Amino acid sequence: MKALILIDLQNDFMPGGALAVPGGDAVVAVANRLARRFEHVIATQDWHPADHLSFASQHPGKSPGDVVDLDGLPQTLWPDHCVQETAGAELRRGLDVGRIDTVIRKGGDRLLDSYSAFFDNAHRRATGLHEHLRGAAIDEVYLTGLATDYCVKFSALDAVGLGLRVRVIREGCRGIGLESGARAWAEMAAAGVDVISQDAL
Ligand code: VGL
Ligand code: ZN
């Protein structure tokens with residue numbers, strides 16, 4: 001069984017948002033088109049408490065882009081984004097939410113970030129996505145969304161690690177950085193992720 005997983009198609013990652021991904025709004029139409037072709041569609045939401053420690057605002061003297069040590073892990077600092085129950089954390093208007101059967105939220109632990117839709121960055125706690133997939137006998141996942149170099153990449157790598165067949169749809173993703181985005185595609189391919197075009201579906 002296969003599923004489409006839409007990664008973090010939230011207002012704050014769209015142009016004008018708190019952590020805007022260049023061209024992020026362009027992938028909504030791709031997501032909607034893809035969603036019509038899947039029986040199982042899952043969406044993830046980055047979902048932080050207002051005092052999340054990935055926010056530069058929580059570290060006096062630090063700025064977005066700086067890296068700090070968070071519980072032994074290097075943590076890139078971000079502008080405040082996707083704060084729980086705020087408009088910035090909502091799924092982008094125009095996304096066909098009627099096709100989405102399950103929403104997985106991540107990043108709720110103040111002390112740890114969670115780029116991957118499956119585990120926090122320390123791999124301490126699962127988000128429930130893997131359980132959900134197992135329950136529905138889903139062994140093949142198609143990923144698309146934001147951002148290529150963070151949440152898409154780490155979700156895809158974890159999915160491979162969990163033994164799932166993983167395909168990432170190129171046109172449905174955008175990266176935060178140009179160079180890190182390009183590197184992410186190479187890393188995913190090297191890990192066994194199938195990078196495909198939507199035309200291949
Ligand atoms: C993301 C940075 C911080 C993402 C989330 O969705 O890729 N990136 N939080
Ligand atoms: Zn985040």
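The values are calculated or read from the model by the stated rules, or taken from the named source; none is laboratory data. Everything numeric here is computed off the predicted structure, so don't read it as measured data. So basically every Cβ, Gly included, is an ideal-geometry build from the backbone, and we count neighbours across all protein chains shown. Protein only, heavy atoms only, side chains kept; ligands, DNA and RNA dropped before computing areas. Shrake-Rupley method; radii C 1.70, N 1.55, O 1.52, S 1.80 Å.
Applying a threshold of 7 Å to beta carbon distances and a minimum spacing of six or more residues, or different chains, the list of pairs starting in the stretch 86-112 at a residue that is free of Cβ contacts under 8 Å to residues at least 24 places away in the same chain and of a type in the set (Asp, Glu) and ending at one that is open to solvent by less than 70 Å² (accessible area, probe 1.4 Å) and part of a loop (DSSP other than H, G, I, E, B) reads ASP109/ASP120.
Selection within the stretch 91-108: residues that are within 14 Å of ligand 1 (Cβ to nearest atom) and open to solvent by 50 Å² or more (accessible area, probe 1.4 Å). The member of this set that is farthest from the chain's Cα centre (by Cα) is ARG92. With the structure loaded, tell me whether ASP101 is of a type in the set (Asp, Glu), within 15 Å of ligand 2 (Cβ to nearest atom) and farther than 19 Å from ASP158 by Cβ or whether it fails that test. Criteria not met by ASP101.
The residue that is surrounded by the fewest Cβ atoms within 10 Å (Cβ to Cβ), counting only those in the stretch 64-89 that are assigned to a loop (DSSP other than H, G, I, E, B), within 15 Å of ligand 1 (Cβ to nearest atom) and not hydrophobic (A, V, I, L, M, F, W, C), is GLY65.
Say we look at the stretch 122-171 and pick out the residues that are among the hydrophobic types (A, V, I, L, M, F, W, C) and in a loop (DSSP other than H, G, I, E, B); which of these is surrounded by the most Cβ atoms within 10 Å (Cβ to Cβ)?
The extreme case among them is ALA147.
LEU111 meets all of the listed conditions (1) under 22 Å from VAL21 (Cβ atoms); (2) exposed (fewer than 15 other Cβ atoms within 10 Å of the Cβ); (3) within 14 Å of ligand 2 (Cβ to nearest atom) but one, namely (1).
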